[in-house]
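Throughout, read-outs are computed from the coordinates displayed, never taken from laboratory work. Source: prediction; values computed, not measured. Every residue, glycine as well, gets a Cβ built from its backbone with ideal geometry; the counts of neighbours run over all protein chains shown.
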Amino acid sequence: EIRAKKAFARVKKGHRALGAIVRESFLVEGAEVLADFDDGAPAITRAAYGKGKAILIGTYLGLAYYRTGLEKNAEIIVGLLESCVDIVRPAVAGRGKVRVDMLKSGNGQAMVIVRNLEKMGIQTSIEIPGFENFSKLREEFTGEEIRLAKHRDGVRMKVKLSAGKVKVYRA
């Protein structure tokens with residue numbers, strides 16, 4: 001088990017997660033220790049590297065998440081990424097689990113892929129940052145067209161998806 005020594009991104013101090021297979025601690029020279037193992041040995045470190053940052057994790061957090069679905073592990077992985085990079089992501093309204101992928105090319109093309117991860121149908125609203133130059137999207141396979149409403153730094157779209165359904169929209 002690992003424990004966050006300090007708060008970072010969406011992770012609070014004391015947050016716990018489980019590793020898998022490997023438990024390797026580190027001799028820390030110039031890096032910041034973000035989490036440690038139960039015995040106090042460093043488990044996750046972060047350091048400046050070139051123009052970015054490097055993160056070293058002494059266990060397989062992703063494998064433990066993949067095998068068991070432990071949300072605590074996913075929170076640490078996402079928190080580590082968010083603590084190093086500014087990520088622009090869509091926001092989904094409501095409680096349903098929906099995956100949204102946004103793709104934009106330099107030549108003005110865009111795609112939004114929406115997947116309902118629930119076992120029941122949902123209707124939701126999705127805020128998509130950076131798409132303010134688009135007014136509509138067309139579903140790739142059905143031809144369904146949806147209008148986009150201007151919202152903050154992007155647009156808002158409303159979508160209805162049956163259980164497990166994926167829709168692919170192009171601008």
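Beta carbons closer than 9 Å, at least 6 apart along the sequence or on distinct chains, pair a first residue in segment 113-138 that is without any contact (Cβ under 8 Å) to a residue 40 or more places away in the chain and over 21 Å from Arg95 (Cβ atoms) with a second that is of a type in the set (Phe, Trp, Tyr) and surrounded by 14 or more Cβ atoms within 10 Å (Cβ to Cβ) for Leu137/Phe131; Leu137/Tyr169; Arg138/Tyr169. The number of residues in segment 119-154 that are aliphatic (A, V, I, L, M) and out of contact with any Gly (no Cβ under 9 Å at 6 or more places or on another chain) comes to 4.
Residue-by-condition table, conditions (1) among the basic types (Lys, Arg); (2) over 26 Å from Gly164 (Cβ atoms); (3) surrounded by 12 or more Cβ atoms within 10 Å (Cβ to Cβ); (4) under 15 Å from the mean Cα position of the chain (by Cα):
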residue: Gly79; (1), (2), (3), (4): no, yes, yes, yes
residue: Val85; (1), (2), (3), (4): no, yes, no, yes
residue: Ala91; (1), (2), (3), (4): no, no, yes, yes
residue: Met102; (1), (2), (3), (4): no, no, yes, yes
residue: Lys119; (1), (2), (3), (4): yes, no, no, no
residue: Gly143; (1), (2), (3), (4): no, no, no, no
residue: Ile146; (1), (2), (3), (4): no, no, yes, no
residue: His151; (1), (2), (3), (4): no, yes, yes, no
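Flag: Leu70 matches the condition of being within 26 Å of Lys97 (Cβ to Cβ) and not polar (S, T, N, Q). Residues in segment 105-152 that are assigned to a strand (DSSP E or B) and either charged (D, E, K, R) or in contact with a helix residue (DSSP H, G or I) (Cβ under 6 Å, 6 or more places away or on another chain) (or both): Arg115, Glu127, Lys136, Arg138, Glu139, Glu145, Arg147, Lys150. Within segment 23-49, the set of residues being within 24 Å of the chain's Cα centre (by Cα) and without any contact (Cβ under 8 Å) to a residue 40 or more places away in the chain comprises Glu32, Val33, Asp36, Thr45, Arg46, Ala47, Ala48, Tyr49.
Which members of segment 50-76 meet the condition of being charged (D, E, K, R) and either more than 12 Å from Leu18 (Cβ to Cβ) or in contact (Cβ under 8 Å) with a residue 24 or more places away in the chain (or both)? Once the filter is applied, which keeps residues that are charged (D, E, K, R) and either more than 12 Å from Leu18 (Cβ to Cβ) or in contact (Cβ under 8 Å) with a residue 24 or more places away in the chain (or both), segment 50-76 yields Lys51, Lys53, Arg67, Lys72, Glu75.
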